[in-house]
1. Quick one: how many residues across the range A:74-130 are under 30 Å from A:Met244 (Cβ atoms), of a type in the set (Ser, Thr, Tyr) and more than 11 Å from every other protein chain (Cβ to nearest Cβ)?
2. Search the range C:79-132 for residues being aromatic (Phe, Trp, Tyr) and free of Cβ contacts under 8 Å to residues at least 60 places away in the same chain, and hand back the single one that is nearest to C:Ser66 (Cα to Cα).
3. Pick from the range A:163-219 the residues that are under 30 Å from A:Leu80 (Cα atoms) and among the small types (Gly, Ala, Ser): which of them is surrounded by the fewest Cβ atoms within 10 Å (Cβ to Cβ)?
4. Output the residue which, of all residues in the range B:43-88 that are more than 10 Å from chain A (Cβ to nearest Cβ) and among the charged types (D, E, K, R), is surrounded by the fewest Cβ atoms within 10 Å (Cβ to Cβ).
5. Yes or no: the range A:206-215 includes at least one residue that is within 11 Å of chain B (Cβ to nearest Cβ), under 19 Å from B:Val224 (Cα atoms) and charged (D, E, K, R).
6. Could you list, in sequence order, all residues of the range A:17-43 that are facing chain B (nearest Cβ under 7 Å) and outside any helix (DSSP H, G or I)?
7. Limited to the range C:110-135, what total is found for residues that are facing another protein chain (nearest Cβ under 7 Å) and not in a loop (DSSP other than H, G, I, E, B)?
8. Tell me yes or no: at least one residue of the range B:105-128 is facing chain A (nearest Cβ under 10 Å), part of a helix (DSSP H, G or I) and touching a Ser or Thr at 6+ places or on another chain (Cβ under 7 Å).
Amino acid sequence: MTELKTQPRLAPARPKKPTSMLRNALWLFVSLVIVAAFWSVKIKWSALGDFPTQLLKYIGLMLVPPDWSKFGEAFSATILSVQMAWIGTVLGIVVSLPLSFLASRGLAPRVVNAPLRLIFAVIRAVPEVVIAILILSVTGLTPFTGALALAVGSVGTLGKWGYEAFEGVDAGPKEAVRSTGGSTLALIRWGVWPSAAPDVFSFWLYRFEINVRASAILGLIGAGGIGKMLQDNVQFRNWDAVGMLLIVVIAVTMGIDQLSGAVRNRLIHGYWRIPKAAR
Amino acid sequence: MSAGTAGKTGIQVSPAHPGRPVKPRHGAQVGAAVVVLAAITVWAGIGVQINIAAIWENWSNASGNIIQLLQPDYGFFPKVIPALVETLQMAVIATAVGSALSLPLAFLASRATNPRPGLLRATRLVMNIVRAVPDILYAAILVAVVGVGALSGVMALILFNVGIIVKLVSEALDGEDPGALEAALAAGASWPKANRAAMLPQILPSFASQVLYTFELNIRASTVIGLVGAGGLGILIDNVRSFFRYHELSMIILSILALVLVLESVSSALRRKLV
Amino acid sequence: MDSTGADIRFDDVSVTYPNGFTGLKGINLSIPAGEMVGIVGLSGAGKSTLVRTINGLVPITSGRISVGNHQLTGRGEAQLRGRDLRELRSNVGMVFQSFNLARRTTVINNVLMGRLYHSPAWRTLLGAWKNDDVELAMSALERVEIVQKAYEKASSLSGGQQQRVAIARTLAQRPKVILADEPVASLDPPTSHVVMRDLQRINAELGITVVVNLHFLDLARRYSDRLIGLRSGEVVFDGPGADADESVFESIYGRSLTAEDVLDAKPVLDTEVDLNAEVELDAVVKRGAGSEL
């Protein structure tokens, strides 16, 4: 075996293993929080004993076989949720794009940045379904209410991601535009937008994917779509109809994810990539 | 790569000025994209019954509700606390369990760290299915399976978390430089050991920040899944909403807002320290 | 085993990649234990393929390679795989052009990667290394004179320092062979000499067989006992560096020698500066504080 013990000419002292008090304290804190949550939560963990058999039973009720006669209803409910998500995303983009420019440092005065950022943060804190409850009395119980709630929610996230992307753009192109005597508008159009655009487009797609999932919940308060069909059928324990809905939702959502992945790839890399079956 | 045709056919030369290239045209592509997007928007708009007039008509009776909403009933706060605490407990447990399950799954779901194409494809398919189901659907089904309460909520959130974390972390792994992994394999390590030693340290910061991000999402989600009986604030929201008690609803929203904003600032501070 | 190095034999070894590209054509070589061999050639000549076949990173299509008492065979025969392949690899250290460190973790953790084969899975999982392994890693760092950086993040080190950590990682394997694939291509000239001298010293003091790919002819001639010239996947020269004259270089490169092919003449104007830097560095290394580059 190789003998490594022959020392080199002049070995400096070996360093001691450093310890970080702050890091250890943080880990201790996080572990304590987790232990406390497990210890204090009102959950009968023994219920987990029946879980596997119960789960199998319900999977059987839902999927063996699903209620194929409900396919049409499940499909139109899912499509309605997708439509809500689309309108919500489009309105969200239209409102958030100018606002995120105004919220970016360097593109608008600080007095404009700060309140906008606060508004984005507040919106992000409130779940879409609560926003829907808030605007319900103004818009009535229609899918449009759901779309508006998703639009408001989208403004919160798209606004934030937008100004982060705009502020993250390399200083180089910005300086170049400024040095040619360009206005702030020229700076946005030629110094910021070209670099940030691919990211911003992919945020839009990502938010659409989120909205497709979030729209399901809005049916619970009467906005229609997946949530409504879910509620109607769970109430009367029509599990085979829920199973049908589950299958349609999974198929449509996966289809949308694949499509949006392909579009994102086209926008970022400049060419279409045929998505593999199980990417 | 940007101008697809120019890249393949070579640069075309302008007839008037030989030596200058002709401006590549993709007007048709952009035009087609705009038409498609507009058509989808019109179709979706009809589907969701966009109705601006209704907003005008409802404005007067709605203004009363909005005024009520601006006056939270602070006396209701003691009743919010237990639900708020339960929401927090659910979010913490679901984040802890969900992230622990996600880490090995993320390594199985990344092209960079899983050398077996069959296993890779199977993992990705299952994860795509898990991620496609909305959290509220999980919650509704799990309430039936394990009964009303926090347990069904926690399990729904765990599934929701695994879907998100595995996707984001496996993408981080895909984008990671595999050099150290190659070195570990060249030193005789098996794939699991090489992944642990060479890839895990590389993605730990992004894993940590995904975990904190999903924790924030969990707080928001756990307020909502209660609407189908899965514990937390949702049950309370459902009660006060059905009886149009807007002062109390307003108090609940205010509490959620305060909780999320506080946790978001704590988590972003943590993120800076951990990363 | 008396000698600490292992001998390497290539018997009619060919490599054809899945896309049809021929990497190596009928290579026959015999490298005795403890030799330091430099491999030169244009990029695409098969240098990388050649060293990567020795530890099985590139599987060979036909022929046979023996490394010590391990045998690597072509497609269709009983190929070395699983634990046997990993055992071979644990005896063969590898140094890469781009260092291949896990940059977000500490230097010592990177060096300990050399012990992965010998450590039980649970120790790897928890990062609970045996004291002997830590000791081995520390002495490997001492050998490349960079031990004081042990607990710093790899990303905070300069290129030359990172490459020496990578060399320490191979030393921690207690290897019989070290393969180096363009180890200095990402480094500046003075640092290149430090790294090459480290490899040379390891070869001389520990008797480990060293096979090193180099783009620069002068480096190859200066630091290796024996020079192998590759062109289009075939050996076109094999002999002591001193024998490699202008005509030999032409047969390897297909053209006469230019400034591009030697390290210390590139760019010509900087030669003097580079040489001066090297002289100073020599002094630094001899004082044993070479890590403060």
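1. Taking the range A:74-130 as the starting set, the residues that turn out to be under 30 Å from A:Met244 (Cβ atoms) are A:74-90, A:127-130.
With of a type in the set (Ser, Thr, Tyr) added as a condition, the list becomes A:76, A:78, A:81, A:89.
After this cut, where a residue has to be more than 11 Å from every other protein chain (Cβ to nearest Cβ) as well, the list is none.
Residues that pass the stated criteria total 0.
2. The initial filter retains those residues of the range C:79-132 that are aromatic (Phe, Trp, Tyr), namely C:96, C:99, C:117, C:122, C:129.
If we keep only those that are free of Cβ contacts under 8 Å to residues at least 60 places away in the same chain as well, we get C:117, C:122, C:129.
Working: C:Tyr117: 20, C:Trp122: 32, C:Trp129: 32 Å.
Step by step, filter the range C:79-132, then rank; the result is C:Tyr117.
3. Applying the first criterion (under 30 Å from A:Leu80 (Cα atoms)) to the range A:163-219 yields A:197-219.
Then keep just the ones that are among the small types (Gly, Ala, Ser); that gives A:197, A:202, A:214-216, A:219.
On the way: A:Ala197: 12, A:Ser202: 19, A:Ala214: 27, A:Ser215: 32, A:Ala216: 29, A:Gly219: 25.
For the range A:163-219, the residue satisfying everything is A:Ala197.
4. So, considering only residues that are more than 10 Å from chain A (Cβ to nearest Cβ) and among the charged types (D, E, K, R), the one surrounded by the fewest Cβ atoms within 10 Å (Cβ to Cβ) is B:Lys79.
5. Looking for residues that are within 11 Å of chain B (Cβ to nearest Cβ), under 19 Å from B:Val224 (Cα atoms) and charged (D, E, K, R), one finds at least one in the range A:206-215, hence yes.
6. Step one: of the range A:17-43, the residues facing chain B (nearest Cβ under 7 Å) are A:22, A:26, A:33-34, A:37-38, A:40-43.
Correct list: A:Val41, A:Lys42, A:Ile43.
7. Let us first name the residues in the range C:110-135 that are facing another protein chain (nearest Cβ under 7 Å), namely C:113-114, C:116-117, C:121, C:124-125.
Those still in the list that are not in a loop (DSSP other than H, G, I, E, B) too: C:113-114, C:121, C:124-125.
Residues flagged as facing another protein chain (nearest Cβ under 7 Å) and not in a loop (DSSP other than H, G, I, E, B) within the range C:110-135 amount to 5.
8. Within the range B:105-128, not a single residue is facing chain A (nearest Cβ under 10 Å), part of a helix (DSSP H, G or I) and touching a Ser or Thr at 6+ places or on another chain (Cβ under 7 Å).
The values are calculated or read from the model by the stated rules, or taken from the named source; none is laboratory data. Predicted model, so just to flag it, every value in this text is computed and none were measured. We place every Cβ from the backbone using ideal geometry, glycine too, and count neighbours over all the protein chains shown.
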